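I am attaching a structure below and will ask some questions about it afterwards.
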Amino acid sequence: MNRFTIALWLAMPLAASAVTVDSPDGRLSLTLDVDGNTPVYSISYDGKTILEPSPLGFKSSIGDFSKGFGIASTKVDTVHRVFAQDKIKKKNIDYKATRLRADFKGPDKHKFSMEWEVADNDVAFRYIIPRQGGKTSIIIDSEATGYRFPAATTAFLTPQSDPMIGWKGTKPSYEEYYVADAPIDSASQYGHGYTFPALFRVGDNGWALLTETGVDGYYCASHLSDFENGVYTIAYPMPGENNGNGTAAPAMALPGTTPWRTITVGADLAPIVETTAPWNVVEPRYILDRPAQTGRGTWSWLLWQDNSINAEDQRKFIDLASELGYENVLIDNWWDNNIGRKGMEELIAYARSKNVNPILWYSSSGYWNDIEQSPVNHMDRPIVRKKEMKWLRDNGVRSIKVDFFGGDKQETMRLYEDILSDAADYGIDVVFHGCTLPRGWERMYPNFVGSEAVLASENLVFEQKFCDLEAFHATLHPFIRNSVAVMEYGGTVLNKRLNRGNDGGTTRRTGDAFQLATSVLFQNPVQNFALAPNNLTDAPAEAIDFMKAVPTTWDETKYIAGYPGRYAVIARKHKGTWYIAGVNAEAKPVKLKLDLSALGLHDAEAECYSDNTALQFSKSILKVKNPAAVPVEIAPNGGLVLVVK
Ligand code: CA
């Protein structure tokens with residue numbers, strides 16, 4: 001049952017009349033109120049506080065919409081959406097929520113509305129701004145929108161970087177280290193706050209995962225400010241992003257709506273892992289006349305780097321993809337320079353003759369960084385872009401990877417949308433790297449098939465520190481980054497050493513079963529794995545057989561066990577087969593009795609892939625006697641995968 005009060009419209013000044021709505025199951029509650037003269041909201045779960053009264057509103061070119069406003073009227077109804085997805089953690093989504101529409105009136109006849117959807121574990125909200133006082137446009141200078149957690153809260157966060165730093169000035173690109181279980185008031189590394197998504201443990205009250213969705217060319221991407229006066233506030237891009245070009249503040253035509261901000265809430269971590277919040281409140285922007293191509297791929301550049309971008313080495317990785325039964329091969333930067341257009345046409349034809357789809361790399365740039373890797377200046381201008389996409393289509397290329405974007409400003413969001421929209425017209429799917437977090441794009445843009453936006457596997461090659469912390473990061477992503485968006489990580493390294501000869505460079509600290517587990521833990525509809533031709537002979541045959549069979553699309557995803565930063569066990573189902581994958585970042589083995597009763601397994605036999613404490617890999621058969629308590633042990637830096645058909 002929904003519990004709500006209808007606020008009465010009162011003559012100015014408006015009296016604050018709180019309105020509370022509950023989720024369909026009654027456990028999650030949202031209260032909208034006015035504190036002094038500031039609109040505020042608060043959230044509780046099972047009667048326990050998740051967010052204390054937190055500010056709402058914004059400052060704009062047509063006035064201050066954060067002070068002096070009262071609730072003029074409210075309306076409550078319900079929404080029920082049923083939709084299917086083939087690129088995210090879950091196939092069939094049945095979404096029900098209580099919807100609250102609240103109209104605010106303030107000084108100078110200014111008005112705005114808010115739309116809230118309160119589902120069993122997810123809150124989504126946005127501002128709706130009407131035309132007013134003859135104004136049909138607005139610049140939002142800043143938002144008051146904030147999140148005030150109780151004092152006992154700890155945070156799992158990754159910082160927003162300085163603009164124009166890193167490789168050739170390509171940051172921010174959501175490729176930073178994390179803090180886990182940090183005090184709520186921790187200062188961020190660069191002083192620019194934290195990127196979405198952000199996870200909070202609200203003491204013993206529960207968990208909350210913050211992000212935003214529905215961001216397109218009509219707004220900037222936002223992030224969290226540094227903690228100030230007890231609140232994290234929505235922050236906009238830094239003026240220096242995009243080489244200083246383009247505004248940091250978003251602008252829109254009126255009437256207009258802001259992106260949705262979402263808060264996923266649970267007593268435990270299951271709703272955090274299983275949420276579909278980013279996709280529940282957005283709609284497809286267009287339809288394709290064919291579904292996006294999902295699947296596995298090989299990727300020479302990861303271990304063999306720039307020197308491998310030549311026709312001979314690329315044929316080796318096409319052959320490897322074919323041998324593994326993979327759908328794709330990713331041909332990375334410099335192909336136009338090193339192989340040439342004519343050579344590429346032959347190479348593409350060779351790949352297609354082996355039923356392997358080439359994914360071709362492009363730079364997004366542009367003037368927003370100093371990237372030399374080519375092809376450059378193809379994806380940032382529509383006339384050249386469309387000509388290029390025609391060449392791709394005419395040669396049978398169905399996928400591209402576009403790299404090195406310029407940050408989070410509105411004009412960069414417009415570039416993402418422009419590339420996706422043109423690509424859709426030419427039957428091409430798109431993966432982004434060196435990029436922002438995708439915000440609902442899996443559903444909004446049907447030909448969008450993945451984004452990096454994470455400190456990804458390339459860093460295993462770049463620095464030993466990342467190898468040393470590989471397990472730590474793997475235990476975070478299912479709860480944070482990869483929960484709210486697909487993640488193109490380039491995982492599963494079976495080389496012991498991270499170089500071409502498997503005999504030098506950085507050293508992998510994790511076991512082979514750990515690597516297999518990440519192929520399930522990390523979810524993206526297109527996975528370009530870090531396997532190399534030598535792995536056909538120097539890696540365990542059972543590991544290669546596993547990698548031949550592992551899918552990249554899922555019907556279901558379930559949280560089984562874990563704690564972000566320590567260990568993680570997640571189950572995913574593909575066409576009747578469950579894959580239960582776990583990794584351990586702790587210094588000692590983690591002994592668990594997995595509760596798999598929700599997976600419907602009875603007298604099942606599981607193929608069990610595991611690392612022992614010496615990180616020796618083995619495959620065995622595990623008989624599941626009691627699905628509610630399946631005893632397993634995961635070694636430090638080790639992994640476990642159970643496959644139940
Ligand atoms: Ca990258």
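The values are calculated or read from the model by the stated rules, or taken from the named source; none is laboratory data. On a predicted model such as this, the values are computed, not experimentally measured, just so you know. Please note that ligands, DNA and RNA were not included when accessible areas were found on the heavy atoms of the full protein model with its side chains. Shrake-Rupley method; radii C 1.70, N 1.55, O 1.52, S 1.80 Å.
Using the scaling law 2.2 N^0.38 Å as the reference, what is the normalised Cα Rg of region 119-162?
Values: Rg = 16.8 Å, N = 44, 2.2 N^0.38 = 9.3 Å.
Its radius of gyration relative to the 2.2 N^0.38 Å reference: 1.81.
Distance cut-off 30 Å, Cα to Cα: go down the list 90/588; 575/619; 90/645; 89/386; 89/111; 354/409 and report the pairs above it.
From 90/588; 575/619; 90/645; 89/386; 89/111; 354/409, over 30 Å: 90/588; 89/386; 89/111; 354/409.
Can you work out the base-10 log of I(q)/I(0) for region 72-174 at q = 0.13, 0.23, 0.24 1/Å, using the Debye formula on its C-alpha atoms alone?
Listed by q, the Debye log ratios stand at -0.90, -1.17, -1.21.
Through the Karplus equation 6.51 cos²θ - 1.76 cosθ + 1.60, θ set to phi - 60°, convert the phi angles of region 518-529 into ³J(HN,Hα) values in whole Hz; use x for Gly and Pro.
In residue order, the calculated couplings are 5, 5, 9, 4, 8, 10, 7, x, 10, 10, 9, 7 Hz.
With a probe of 1.4 Å, find how much accessible area the chain has per residue, and write the answer as a whole number in Å². Write down the numbers at each step before the final one.
Numbers: 22670 Å² over 645 residues.
Heavy-atom accessible area per residue stands at 35 Å².
Same structure again: Short version: ³J(HN,Hα) in whole Hz for each residue of region 606-623, in order, from phi by Karplus 6.51 cos²θ - 1.76 cosθ + 1.60 (θ = phi - 60°), x for Gly and Pro, what are they?
Each residue's phi maps through the Karplus curve to give 9, 6, 10, 9, 8, 10, 7, 5, 8, 6, 8, 8, 8, 10, 9, 10, 10, 8 Hz.
If you don't mind, there's one more thing I want to ask. Could you let me know the centre-to-centre spacing of region 104-148 and region 300-317, using Cα atoms, in angstrom?
51 Å
Now, a different point. Tell me, what HN-Hα J-couplings in whole Hz come from the Karplus equation 6.51 cos²θ - 1.76 cosθ + 1.60 at θ = phi - 60° for each residue of region 182-195, using x for Gly and Pro?
Along region 182-195, the couplings run 7, x, 4, 9, 4, 6, 6, 4, 9, x, 10, x, 10, 7 Hz.
Quick one: which residues, 5+ away or cross-chain, put their amide H under 5 Å from the amide H of residue 235? H built at 1.01 Å from N.
Correct list: 223, 224, 225.
Follow-up. Counting only protein heavy atoms, what percent of the accessible surface of region 587-642 is carbon or sulfur at a 1.4 Å probe?
Values: 1480 of 2980 Å².
Carbon plus sulfur share of accessible area: 50 percent.
Quick check on region 478-559: what does the Kirkwood estimate of hydrodynamic radius come out to from the alpha carbon pairs, in Å? Don't jump to the answer; show the numbers that get you there.
Numbers: mean 1/r = 0.0733 Å⁻¹.
One over the average 1/r among Cα pairs gives 13.6 Å for region 478-559.
Can you tell me what percent of all Cα-Cα pairs in region 171-313 are more than 25 Å apart?
Working: 5011 of 10153 pairs.
In whole percent, the share of Cα-Cα pairs in region 171-313 beyond 25 Å is 49.
Does region 178-226 come out rounded, prolate or oblate, given a ≥ b ≥ c as the square roots of the eigenvalues of its C-alpha gyration tensor, rounded meaning a/c under 1.5 and, failing that, prolate meaning a/b above b/c? Show your work: numbers first, answer last.
Values: a/c = 3.31, a/b = 1.46, b/c = 2.27.
It comes out oblate by the Cα gyration axes.
Shifting gears a bit: Calculate the tail of P(r) for region 324-382: the fraction of all Cα-Cα distances greater than 15 Å, expressed in %. Could you put the intermediate results ahead of the total?
Details: 932 of 1711 pairs.
In whole percent, the long-distance tail amounts to 54.
Using only C-alpha atoms and all pairs of different ones, pull out the Kirkwood radius for region 252-326 in Å with one decimal.
Working: mean 1/r = 0.0568 Å⁻¹.
Kirkwood radius, region 252-326: 17.6 Å.
Got the relative contact order for region 525-645 handy, in percent, Cα pairs under 8 Å and 6 or more residues apart? All intermediate terms of the calculation are to be shown ahead of the outcome.
Details: 231 pairs, mean separation 29.8, N = 121.
Answer for region 525-645 is 25 percent.
Could you order 602, 473, 574, 80 by accessible surface area, starting with the largest, using a probe radius of 1.4 Å?
On the way: 602 150, 473 0, 574 45, 80 105 Å².
The most accessible residue leads, giving 602, 80, 574, 473.
For region 92-151, what number results from the quotient of the Cα radius of gyration and 2.2 N^0.38 Å? Display every interim value, and only then the final one.
Working: Rg = 15.1 Å, N = 60, 2.2 N^0.38 = 10.4 Å.
For region 92-151, the normalised Cα radius of gyration comes out at 1.45.
While we're on this one: Would you report the distance distribution of C-alpha pairs in the chain as whole percents per 10 angstrom bin, up to the bin with the largest distance?
Going from the shortest bin to the longest, the percentages are 3, 16, 27, 27, 17, 8, 2, 0.
Still on this structure, please answer the following. How large is the convex hull of the Cα atoms of region 564-622 per residue, expressed in Å³ as a whole number? Walk me through the intermediate numbers first.
Numbers: hull volume 6.1 nm³, N = 59.
Taking the convex hull of the Cα positions in region 564-622, it is 104 Å³ per residue.
Kirkwood hydrodynamic radius of region 235-393 from all distinct Cα pairs, in Å?
Details: mean 1/r = 0.0513 Å⁻¹.
It is 19.5 Å.
Hey, how many Å between the Cα centroid of region 23-92 and the Cα centroid of region 494-516?
47 Å
Considering only protein heavy atoms and a probe of 1.4 Å, how much of the accessible area of region 148-278 is carbon and sulfur, as a whole percent? Before the final figure, lay out the partial values.
Working: 2080 of 3960 Å².
Exposed carbon and sulfur together represent 53 percent of the surface.
Separate question: Leaving out ligands, DNA and RNA, what percent of the accessible area of region 417-490 is carbon and sulfur, probe 1.4 Å? The partial results should precede the final answer.
Values: 540 of 1160 Å².
That share works out to 47 percent.
If you find the alpha carbon centre of region 405-422 and of region 584-645, how far apart are they in angstrom?
43 Å
With n ≥ 4 as the cut-off for DSSP H runs, can you work out [θ] at 222 nm for the chain, using -39500 (n - 2.57) per run divided by the number of residues, rounded to the nearest 500?
Numbers: 16 runs with 123 residues, N = 645.
Result for the chain: -5000 deg cm²/dmol, rounded to the nearest 500.
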